[in-house]
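Heads up: the structure comes next, in C-alpha coordinates.
The values are calculated or read from the model by the stated rules, or taken from the named source; none is laboratory data. Since we're looking at a predicted model, the values are computed, not measured. Every residue, glycine as well, gets a Cβ built from its backbone with ideal geometry; the counts of neighbours run over all protein chains shown.
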Amino acid sequence: MAYMMRRNIARDGAVVQQASHSRVRLNSGQPLPAGTVPPFVFRLDAEIEGGGVMPTLFDIPTLIARRVFIELLQANGVDNLEVVEAAIRNPLTGDTITDYAYVNIIGLVAAASLEHSETSELGEDVRLVDNPVLVSASSVAPFRLFRLAEDPRRIIIDNRLADAIRASQFDDIYLKELGAIE
(Lines give C-alpha, C1' and ligand atoms only; values in the text may rest on other atoms or scores of the structure.)
Protein backbone atom coordinates (compact mmCIF):
# COMPACT_ATOMS: atom_id res chain seq x y z
CA MET A 1 0.00 0.00 0.00
CA ALA A 2 1.27 3.47 -0.88
CA TYR A 3 0.17 6.99 -0.04
CA MET A 4 0.59 10.38 -1.61
CA MET A 5 1.91 12.79 1.01
CA ARG A 6 1.33 16.51 0.92
CA ARG A 7 0.50 19.45 3.08
CA ASN A 8 -3.12 19.59 4.17
CA ILE A 9 -4.28 22.53 2.08
CA ALA A 10 -7.69 22.55 3.76
CA ARG A 11 -6.01 24.17 6.76
CA ASP A 12 -5.07 27.82 6.77
CA GLY A 13 -1.36 28.28 6.51
CA ALA A 14 1.57 30.15 5.11
CA VAL A 15 2.77 29.95 1.51
CA VAL A 16 6.37 30.28 0.37
CA GLN A 17 8.08 31.14 -2.89
CA GLN A 18 11.60 30.26 -3.96
CA ALA A 19 13.92 33.27 -3.58
CA SER A 20 17.34 31.75 -4.32
CA HIS A 21 18.99 29.07 -6.43
CA SER A 22 16.64 29.71 -9.34
CA ARG A 23 18.78 27.60 -11.69
CA VAL A 24 18.54 24.49 -9.51
CA ARG A 25 15.73 22.06 -10.43
CA LEU A 26 14.26 21.42 -7.01
CA ASN A 27 12.15 18.34 -7.84
CA SER A 28 14.39 16.56 -10.32
CA GLY A 29 15.02 13.48 -8.20
CA GLN A 30 18.74 13.99 -8.79
CA PRO A 31 21.47 15.00 -6.32
CA LEU A 32 22.16 18.71 -6.17
CA PRO A 33 24.83 19.97 -8.58
CA ALA A 34 28.35 20.07 -7.18
CA GLY A 35 29.16 23.45 -5.75
CA THR A 36 25.59 24.27 -4.70
CA VAL A 37 25.94 26.55 -1.68
CA PRO A 38 23.25 26.68 1.01
CA PRO A 39 21.10 28.07 2.40
CA PHE A 40 18.17 27.80 0.02
CA VAL A 41 16.11 30.93 0.64
CA PHE A 42 12.33 31.05 0.46
CA ARG A 43 10.06 34.02 0.99
CA LEU A 44 6.72 34.01 2.78
CA ASP A 45 3.91 35.32 0.62
CA ALA A 46 3.22 38.60 2.42
CA GLU A 47 -0.46 38.69 1.43
CA ILE A 48 -1.26 35.20 2.73
CA GLU A 49 1.20 34.93 5.62
CA GLY A 50 -0.61 37.35 7.96
CA GLY A 51 -3.26 34.87 9.14
CA GLY A 52 -1.40 31.73 8.21
CA VAL A 53 0.08 29.11 10.45
CA MET A 54 3.57 27.77 9.77
CA PRO A 55 3.03 24.14 8.74
CA THR A 56 5.09 21.02 9.33
CA LEU A 57 5.98 21.03 5.65
CA PHE A 58 5.59 22.90 2.41
CA ASP A 59 5.35 20.82 -0.74
CA ILE A 60 5.15 23.73 -3.17
CA PRO A 61 7.48 24.79 -4.72
CA THR A 62 9.33 21.79 -3.24
CA LEU A 63 9.61 19.81 -0.01
CA ILE A 64 10.62 22.17 2.78
CA ALA A 65 10.09 20.62 6.20
CA ARG A 66 10.59 21.27 9.86
CA ARG A 67 13.69 19.53 11.14
CA VAL A 68 11.66 17.43 13.59
CA PHE A 69 9.72 15.97 10.65
CA ILE A 70 12.93 15.23 8.75
CA GLU A 71 14.21 13.41 11.84
CA LEU A 72 11.04 11.29 11.80
CA LEU A 73 11.64 10.38 8.15
CA GLN A 74 15.24 9.40 8.81
CA ALA A 75 14.38 7.47 12.00
CA ASN A 76 11.96 5.42 9.89
CA GLY A 77 14.52 4.33 7.34
CA VAL A 78 14.24 7.04 4.69
CA ASP A 79 17.79 7.33 3.40
CA ASN A 80 17.39 8.87 -0.06
CA LEU A 81 17.38 12.49 1.11
CA GLU A 82 19.73 15.42 0.80
CA VAL A 83 18.85 17.74 3.67
CA VAL A 84 20.00 21.28 2.96
CA GLU A 85 19.88 24.35 5.17
CA ALA A 86 16.96 26.64 4.33
CA ALA A 87 15.92 30.10 5.41
CA ILE A 88 12.37 31.38 5.15
CA ARG A 89 12.24 35.16 5.11
CA ASN A 90 9.20 37.13 6.23
CA PRO A 91 9.12 40.36 4.20
CA LEU A 92 6.60 41.94 6.60
CA THR A 93 8.70 41.60 9.75
CA GLY A 94 12.19 41.06 8.37
CA ASP A 95 12.44 37.86 10.44
CA THR A 96 14.19 34.75 9.14
CA ILE A 97 12.84 31.34 10.13
CA THR A 98 15.55 28.69 10.29
CA ASP A 99 13.96 25.56 11.76
CA TYR A 100 13.15 24.26 8.26
CA ALA A 101 15.34 22.54 5.67
CA TYR A 102 15.02 21.95 1.94
CA VAL A 103 14.63 18.20 1.44
CA ASN A 104 15.93 16.99 -1.90
CA ILE A 105 14.37 13.57 -2.52
CA ILE A 106 16.73 11.44 -4.58
CA GLY A 107 14.86 9.16 -6.93
CA LEU A 108 12.02 9.28 -9.41
CA VAL A 109 9.95 6.14 -9.81
CA ALA A 110 7.76 5.54 -12.85
CA ALA A 111 4.80 3.99 -11.06
CA ALA A 112 1.61 5.73 -12.24
CA SER A 113 -0.82 4.35 -14.76
CA LEU A 114 -1.64 7.53 -16.65
CA GLU A 115 -4.58 5.78 -18.31
CA HIS A 116 -6.22 5.24 -14.90
CA SER A 117 -5.04 8.41 -13.12
CA GLU A 118 -6.58 11.88 -13.10
CA THR A 119 -4.22 14.01 -15.15
CA SER A 120 -4.14 17.38 -16.84
CA GLU A 121 -1.73 18.86 -19.34
CA LEU A 122 -0.56 22.41 -18.67
CA GLY A 123 1.65 22.66 -21.72
CA GLU A 124 4.38 20.85 -23.55
CA ASP A 125 6.03 18.36 -21.17
CA VAL A 126 4.05 19.70 -18.19
CA ARG A 127 1.65 17.12 -16.81
CA LEU A 128 -0.10 17.13 -13.47
CA VAL A 129 -1.14 13.82 -11.95
CA ASP A 130 -3.72 14.96 -9.45
CA ASN A 131 -5.01 11.57 -8.42
CA PRO A 132 -2.41 8.91 -9.25
CA VAL A 133 -3.31 5.26 -9.65
CA LEU A 134 -0.29 2.99 -9.44
CA VAL A 135 0.58 0.37 -12.02
CA SER A 136 1.02 -2.13 -9.18
CA ALA A 137 1.51 -2.00 -5.45
CA SER A 138 4.50 -4.31 -5.73
CA SER A 139 6.33 -1.91 -8.08
CA VAL A 140 6.74 0.62 -5.25
CA ALA A 141 7.23 -1.88 -2.39
CA PRO A 142 11.03 -1.41 -2.15
CA PHE A 143 10.72 2.36 -1.68
CA ARG A 144 9.95 4.22 1.55
CA LEU A 145 9.63 7.67 -0.05
CA PHE A 146 10.09 8.90 -3.62
CA ARG A 147 8.91 11.36 -6.23
CA LEU A 148 6.57 10.12 -8.95
CA ALA A 149 8.37 10.23 -12.33
CA GLU A 150 5.13 11.07 -14.14
CA ASP A 151 4.69 14.18 -11.93
CA PRO A 152 7.77 14.90 -9.78
CA ARG A 153 5.79 17.26 -7.56
CA ARG A 154 4.01 14.19 -6.13
CA ILE A 155 5.64 12.57 -3.12
CA ILE A 156 4.78 8.92 -2.53
CA ILE A 157 5.42 7.05 0.74
CA ASP A 158 4.88 3.49 1.91
CA ASN A 159 2.33 2.38 4.51
CA ARG A 160 4.90 2.01 7.33
CA LEU A 161 6.00 5.60 6.92
CA ALA A 162 2.36 6.73 6.73
CA ASP A 163 1.69 4.92 10.02
CA ALA A 164 4.69 6.63 11.65
CA ILE A 165 3.49 10.05 10.48
CA ARG A 166 -0.01 9.40 11.84
CA ALA A 167 1.36 8.13 15.16
CA SER A 168 3.48 11.26 15.53
CA GLN A 169 0.35 13.38 15.20
CA PHE A 170 1.53 15.63 12.40
CA ASP A 171 -2.08 16.58 11.78
CA ASP A 172 -1.36 19.10 9.04
CA ILE A 173 -0.03 16.43 6.67
CA TYR A 174 -2.50 14.91 4.23
CA LEU A 175 -2.01 11.25 3.33
CA LYS A 176 -4.08 9.89 0.45
CA GLU A 177 -4.15 6.15 -0.02
CA LEU A 178 -3.41 5.27 -3.64
CA GLY A 179 -5.08 2.57 -5.65
CA ALA A 180 -3.31 0.21 -8.00
CA ILE A 181 -4.56 -1.52 -11.13
CA GLU A 182 -3.05 -4.87 -10.14
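Any idea which residue in segment 145-177 is farthest from the chain's Cα centre (by Cα), counting only those that are part of a strand (DSSP E or B) and basic (K, R)?
Applying the first criterion (part of a strand (DSSP E or B)) to segment 145-177 yields 145-148, 151-158, 173-177.
Pick out the ones that are also basic (K, R) and you get 147, 153-154, 176.
Details: R147: 8, R153: 7, R154: 7, K176: 14 Å.
Out of the qualifying residues, it is K176.
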Complete set of residues in segment 1-31 that are without any contact (Cβ under 8 Å) to a residue 40 or more places away in the chain and touching a strand residue (DSSP E or B) at 6+ places or on another chain (Cβ under 6 Å): S20, H21
For the subset of segment 127-173 comprising residues that are hydroxyl-bearing (S, T, Y) and more than 12 Å from A112 (Cα to Cα), which member is surrounded by the fewest Cβ atoms within 10 Å (Cβ to Cβ)? S138
For A65: the one exception among (1) modelled with pLDDT of 95 or more; (2) touching a strand residue (DSSP E or B) at 6+ places or on another chain (Cβ under 6 Å); (3) assigned to a loop (DSSP other than H, G, I, E, B); (4) closer than 30 Å to S117 by Cβ: (3)
Determine whether T62 is touching a Lys or Arg at 6+ places or on another chain (Cβ under 6 Å), of a type in the set (S, T, Y) and more than 15 Å from Y3 (Cβ to Cβ). no
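Name the residues in segment 127-182 that are basic (K, R), within 24 Å of T56 (Cα to Cα) and touching a strand residue (DSSP E or B) at 6+ places or on another chain (Cβ under 6 Å), would you?
R144, R147, R154, K176
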Quick check: anything in segment 42-58 at pLDDT 95 or above, out of contact with any helix residue (DSSP H, G or I) (no Cβ under 7 Å at 6 or more places or on another chain) and either loosely packed, with under 12 Cβ neighbours inside 10 Å or not in a strand (DSSP E or B) (or both)? no
Breaking point among (1) at pLDDT below 95; (2) of a type outside the set (S, T, N, Q); (3) out of contact with any helix residue (DSSP H, G or I) (no Cβ under 8 Å at 6 or more places or on another chain), for V15: (3)
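Out of the residues in segment 115-126 that are within 21 Å of the chain's Cα centre (by Cα) and surrounded by 15 or more Cβ atoms within 10 Å (Cβ to Cβ), which is modelled with the lowest pLDDT? If you could, list the steps in order and put the result at the bottom.
In the first step, residues of segment 115-126 are kept if they are within 21 Å of the chain's Cα centre (by Cα); the result is 117-122, 125-126.
Okay, now just the ones that are also surrounded by 15 or more Cβ atoms within 10 Å (Cβ to Cβ), so 117, 119.
Values: S117: 88, T119: 84.
The extreme case among them is T119.
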What do you reckon, is A111 touching a helix residue (DSSP H, G or I) at 6+ places or on another chain (Cβ under 6 Å) and small (G, A, S)? yes
Filter segment 76-122 for residues that are closer than 25 Å to N159 by Cβ, free of Cβ contacts under 8 Å to residues at least 24 places away in the same chain and among the aliphatic types (A, V, I, L, M) and give the result. V83
Out of I165, I88, I need the residue that is farther than 24 Å from F42 by Cα and not polar (S, T, N, Q). Which one? I165
So which of M54, M1 is closer than 17 Å to I165 by Cα and more than 14 Å from the chain's Cα centre (by Cα)? M1
Name the residues in segment 102-142 that are part of a loop (DSSP other than H, G, I, E, B), in contact with a Gly (Cβ under 7 Å, 6 or more places away or on another chain) and not small (G, A, S), would you? I106
